[in-house]
Amino acid sequence: MSDTNTDTKASDVKREGAFAKFLRETEVDTRLLGMLAALALIWIGFHYYGLFVNGFGAFLTPRNLWNLSVQTSSIGIMATGMVLVIITRHIDLSVGSMLGFIAIIMGTVQVNILPQYLGLGHPMIWIIAIFAGLLMGTLLGAFQGWMIAYGTIPAFIVTLGGLLVWRGAGFLVARGETIAPVDATFKLLGGGPFGAIGNTGSWIIGILGCIAVLALIILGRRKRKTFGLPLRPVWAETFLAAIGAGAVIGTTLLMNAYPWPKGIIKKYAAAEGIEVPPEGIFISHGFAIPVLILIGVTIAMTILMTRTKFGRYVYAIGGNPEAAELAGINTRWMTVKIFALMGFLTGIASVVASARLGSATAALGTLDELYVIAAAVIGGTSLAGGVGTIYGAILGAIVMQSLQTGMVLIGFDAAIQQVVVGSVLVIAVFLDILYRRNSK
Amino acid sequence: MSDTPLVQLKDISISFGGIKAVDHVSLDLHAGEVVGLLGHNGAGKSTLIKILSGAYKKDGGEIWIDGKRAEINSPRDARDHNIETIYQTLALADNLDAASNLFLGRELTSPMGFVDDAKMAAETAKIMARLNPNFKKLKEPVSALSGGQRQSVAIARAVYFNAKILIMDEPTAALGVHETEMVADLIKELKDQGLGIFLISHDTREMMDLCDRVSVMKNGQMVGTERVEDVTEDDILSMIILGKNPKAAA
Ligand SMILES: Nc1ncnc2c1ncn2[C@@H]1O[C@H](COP(=O)(O)OP(=O)(O)O)[C@@H](O)[C@H]1O
Ligand SMILES: [Mg+2]
């Protein structure tokens with residue numbers, strides 16, 4: 001409204017506080033800031049609770065944060081898919097059960113079936129097992145999507161059914177047994193000292209990350225020029241670049257600060273024929289492979305949502321399904337594809353989760369659907385449809401996993417954990433509603 | 001004006017539940033002609049043109065385009081026949097910006113296959129400058145726009161893609177006097193370029209001014225179609241209200 005009246009606009013700017021000016025010029029959205037603040041609060045809160053009550057602050061340690069990064073991977077991978085599902089006004093309650101079922105199938109393939117034909121430890125075993133898992137996730141997801149789109153059964157019902165069916169199917173196939181041990185190479189995808197890329201590899205990733213941050217800022221600026229859009233002031237661009245690069249370097253330092261445990265080093269040294277000096281050797285974990293998978297998925301999904309027709313159609317369907325249909329978008333087929341993608345990502349998450357466990361049990365992934373949906377919603381995906389981002393869901397996944405890890409660390413039992421997680425989900429949705437109402 | 005009509009709707013019928021929304025209606029449209037559709041709310045005007053635009057599947061009847069029978073089963077089929085539609089509801093995705101809406105379903109892509117937002121924004125700026133010079137909010141979701149601005153986006157979308165057949169369902173409903181005049185000028189310009197236009201409006205005077213022929217519908221049936229120079233505004237009003245064609249009775 002004020003764009004017709006330059007006088008009021010000028011005085012508005014003068015009255016604006018330093019912080020508001022900072023937000024406006026850097027274009028950092030308040031919601032992202034709020035999420036980061038909540039995360040900082042959770043981390044510091046758990047650390048000092050531990051320090052004062054248990055006499056030991058275990059949260060803000062390289063060891064815990066490294067483990068947190070690995071534990072977030074599986075939920076985070078699925079949360080990126082849940083964003084699409086929720087944007088298009090659906091829900092998927094079946095992801096946790098599907099994860100368990102896929103893990104059982106992959107376990108059976110690599111433990112009970114393939115070794116008979118290929119021989120134990122054959123290098124193709126883990127590849128075939130993963131292929132089977134991803135294919136299965138895609139097909140199960142597509143099947144659910146097909147029932148929702150063409151059978152016009154509400155997603156809530158189809159996936160509630162899936163929640164029971166896939167869990168039950170997993171128990172039937174496994175006959176209640178734990179399937180172990182998984183293939184040695186497969187196991188690396190779950191993390192652990194050998195499933196991480198070490199000091200040098202992590203720095204390569206860190207430097208690539210810094211280059212990516214700079215490239216994004218420079219390309220973004222160039223694109224605004226061609227758009228003819230107002231540019232951010234140079235100080236704001238520099239500030240954002242410094243923050244971005246700083247975060248990447250800080251994370252790399254953190255990941256490298258967590259050393260291999262003594263026992264592993266002793267075994268490793270013996271195998272390699274190295275003499276261990278009395279003060280020990282410091283071998284960094286570095287980024288865990290599942291975390292790299294999560295980063296890869298995040299980048300791919302962000303490109304999908306922001307740079308492709310598919311992503312554009314997902315938002316359009318969420319904003320106005322009828323308009324999308326009238327624009328010639330095959331909304332039913334899109335629904336099948338979205339659920340197939342959700343299933344595919346559940347397959348990847350299943351690889352990570354069962355590799356981390358080193359085995360497959362039918363109970364794997366129990367309650368994951370709640371964490372995944374909560375991650376997406378806390379990350380700003382609106383249940384009313386049409387709104388949501390991939391990076392938000394990843395932040396949401398970190399928040400949820402921090403809560404859970406933190407409660408385990410300070411010794412809350414499972415019952416309290418459930419009470420807290422459930423309450424956080426409801427409160428987060430309520431805060432989201434308040435936020436949207438106020439920003440209108 | 002050529003002899004073969006651009007569009008022939010022959011004996012079109014559709015019902016929803018028990019309601020015959022369109023009941024054996026026939027109507028044609030020539031290139032360079034504006035045909036107006038009039039009638040009370042619920043007469044079946046929107047439903048009839050939605051059959052032509054592929055939004056609804058007809059229960060009976062035939063559609064002929066350029067003298068050839070056409071199968072229109074989806075909005076995509078209609079677009080393939082160069083039929084563009086401005087829907088009464090506008091059919092915009094509120095969470096997307098003007099450019100994304102304008103190109104929805106027909107995005108411009110880079111050689112790598114990614115959506116080319118810069119190019120689409122530039123094209124949108126170009127056509128909006130022509131249709132509505134006051135339009136500035138290119139990067140905001142259309143939910144942030146006024147009714148008139150939203151209508152301009154819907155009009156821009158229909159005009160941008162070189163339609164041969166244009167359907168406008170109450171295109172000026174949310175517009176002010178000045179903007180309505182601009183749309184009237186646009187209609188005349190497109191007509192001169194040889195487009196065939198179906199125009200739906202409640203403003204009888206405006207219809208007399210813009211249309212070559214007007215058709216009146218009531219309760220899903222066609223009351224009559226007349227050349228505007230052969231009828232008075234009162235004739236049309238009585239057709240709308242009574243559902244009878246005074247000329248046919250005479
Ligand atoms: N999708 C639909 N489902 C059920 N009834 C419909 C639908 N679309 C239109 N109708 C009915 O068809 C009749 C004609 O409606 P419409 O074509 O919108 O009228 P008009 O555009 O002339 O005001 C109305 O009785 C309306 O209720
Ligand atoms: Mg209507």
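The values are calculated or read from the model by the stated rules, or taken from the named source; none is laboratory data. It should be emphasised that the depicted structure is a prediction, and the values quoted were computed from it without experimental measurement. Ideal geometry is used to build each Cβ from the backbone, glycine not excepted, and the neighbour counts take in all protein chains shown. Each accessible area value is taken on the protein alone, full model and side chains, heavy atoms only, with ligands, DNA and RNA left out. Shrake-Rupley method; radii C 1.70, N 1.55, O 1.52, S 1.80 Å.
Among B:ILE197, A:ILE295, the order of accessible area from largest down is A:ILE295, B:ILE197, computed with a 1.4 Å probe on protein heavy atoms. Under a model in which nothing but the beta-carbon of Lys, Arg (+1) and Asp, Glu (-1) is charged, the protein assembly as shown shows a dipole of about 1720 debye around its Cα centre. Note on region B:45-86: dipole from Cβ charges, positive end direction compared against B:SER46, B:TRP64, B:ILE83; the farthest Cα belongs to B:SER46. Taking every protein chain into account, the 1.4 Å probe leaves A:PHE282 with about 130 Å² of accessible area, to the nearest ten. The charge dipole of region B:96-162, taken about its Cα centre with unit charges on the Cβ of Lys, Arg, Asp and Glu (plus for the first two, minus for the last two), comes to roughly 240 debye.
Hey, any idea what % of the protein assembly as shown's accessible area is carbon plus sulfur with a 1.4 Å probe? Walk me through the intermediate numbers first.
On the way: 20380 of 32180 Å².
Using a 1.4 Å probe with all protein chains present, the protein assembly as shown comes out at 63 percent carbon and sulfur.
Solvent-accessible surface of protein heavy atoms, probed at 1.4 angstrom with all chains present, puts A:HIS285, B:HIS178 in the order B:HIS178, A:HIS285, largest first. At the residue level, B:CYS211 shows approximately 10 square angstrom of accessible surface with a 1.4 angstrom probe and all protein chains present.
Accessible area per residue, 1.4 Å probe, Å², for chain A: what's the number?
Per residue, chain A has 48 Å² of solvent-accessible surface.
Would you mind getting the accessible area per residue of region B:1-53, heavy atoms of the protein chains only, 1.4 Å probe, in Å²? Display every interim value, and only then the final one.
Working: 2050 Å² over 53 residues.
It amounts to 39 Å² per residue over region B:1-53.
With R₀ fixed at 22 Å, the C-beta to C-beta distance from B:ASP230 to B:HIS40 puts the FRET efficiency at about 0.45.
For region A:64-165, the set of chymotrypsin sites (Phe, Trp or Tyr not before Pro) satisfying both a DSSP loop assignment and a count of at most 16 other C-beta atoms within 10 Å is given as A:TYR150. In plain terms, the chain from A:ALA270 to A:LEU32 could stretch by 80.9 nm, reckoned as 0.36 nm per residue minus the Cα-Cα distance.
Counting only the Cα atoms, region B:96-162 fills a convex hull of 81 Å³ per residue.
Each Lys and Arg adds +1 at its Cβ and each Asp and Glu adds -1 at its Cβ; summed about the Cα centre, region B:1-110 shows a dipole of about 240 debye.
Taking all protein chains together and a 1.4 Å probe, the residues A:GLU25, B:GLU84 rank A:GLU25, B:GLU84 from largest to smallest accessible area. In region A:197-287, a dipole from Cβ-located charges (positive for Lys and Arg, negative for Asp and Glu) runs towards its positive end, and of A:GLY263, A:ILE205, A:VAL234 it is A:VAL234 whose Cα lies farthest in that direction. Modelled label positions at A:GLU322 and B:PHE16, each set 7 Å beyond Cα in the direction of Cβ, lie 0.8 nm from each other.
For B:VAL214, the accessible surface of its heavy atoms amounts to roughly 0 Å² (probe 1.4 Å, protein chains only, rounded to the nearest 10). Shape descriptor for chain B: Rg over Rh equals 0.98 (Cα atoms; Rh from the Kirkwood inverse mean 1/r).
Taking Cα atoms only, the orientation of helix B:177-192 departs from the longest principal axis of chain B by about 80 degrees. Kindly state, to the nearest 0.05, the FRET efficiency for A:LYS223 paired with B:LYS244, given R0 = 56 Å and r defined as their beta-carbon distance. Calculated transfer efficiency: 0.35.
Under a 5 Å amide H cut-off, with hydrogens placed 1.01 Å from N, B:GLN88 pairs with B:ASP169 among residues at least 5 apart or on other chains.
Comparing Cα centroids, region A:93-113 and region A:118-190 end up 4 angstrom apart.
Only DSSP H runs of four or more residues enter the estimate; each adds -39500 (n - 2.57), and after division by the residues of the protein assembly as shown the mean residue ellipticity at 222 nm equals -19000 deg cm²/dmol. Within region A:325-341, the residues that become at least 20 Å² less accessible when every protein chain is included than when their own chain is isolated (1.4 Å probe; DNA, RNA and ligands ignored) are A:LEU326, A:ALA327, A:GLY328. Comparing A:LEU189, A:GLY396, A:ILE378 along the charge dipole axis of the protein assembly as shown, the residue lying farthest to the positive side is A:LEU189, per the Cβ-charge model. Buried surface for the A/B pair, taken as the accessible area of each chain alone minus that of the pair with a 1.4 Å probe, is close to 2000 Å² in total. Whole Å is fine, so just give me how far the alpha carbon centre of region B:197-247 lies from that of region B:60-86. What the calculation gives is 24 Å, centre to centre. At R0 = 35 Å, how high is the FRET efficiency between A:ALA180 and A:ALA300 if r is their beta carbon distance? Nearest 0.05 is fine. Efficiency at R0 = 35 Å is approximately 0.70.
Give the average over all directions of the projected area of the C-alpha convex hull of the protein assembly as shown, one decimal, in nm².
Details: hull surface 155.1 nm².
With the hull built on Cα positions only, its mean projection is 38.8 nm².
Ellipsoid fit via the Cα gyration tensor, region A:197-287: semi-axes of 43, 11, 7 Å, each the root of five times an eigenvalue, largest first. Peptide A:299-308 has a mean shielding of 2, counted as Cβ atoms of other protein chains within 10 Å of each residue's Cβ.
What separates the Cα centres of region A:302-359 and region B:27-51 is a distance of 39 Å.
Fully extending the segment from A:LEU120 to A:VAL419, taken as 0.36 nm per residue of separation minus the present Cα-Cα distance, adds 103.2 nm.
By the combined test of axial Cα extent (at least 18 Å) and Kyte-Doolittle hydropathy (mean at least 0.0), the qualifying DSSP H helices of chain A come to A:30-49, A:62-87, A:124-149, A:155-174, A:198-227, A:234-256, A:289-307, A:331-357, A:390-409, A:414-439. The coefficient of translational diffusion for region B:167-225, derived via Stokes-Einstein from the alpha carbon Kirkwood radius under 20 °C and 1.002 mPa s, stands at 173 µm²/s. The contact residues of region B:126-175, meaning those that lose at least 30 Å² of 1.4 Å-probe accessible area when all protein chains sit together rather than their chain alone, are B:LYS139. Spin-label pair B:THR109-A:ILE433: with each label point 7 Å from Cα along the Cα-Cβ axis, the two points sit 4.1 nm from one another.
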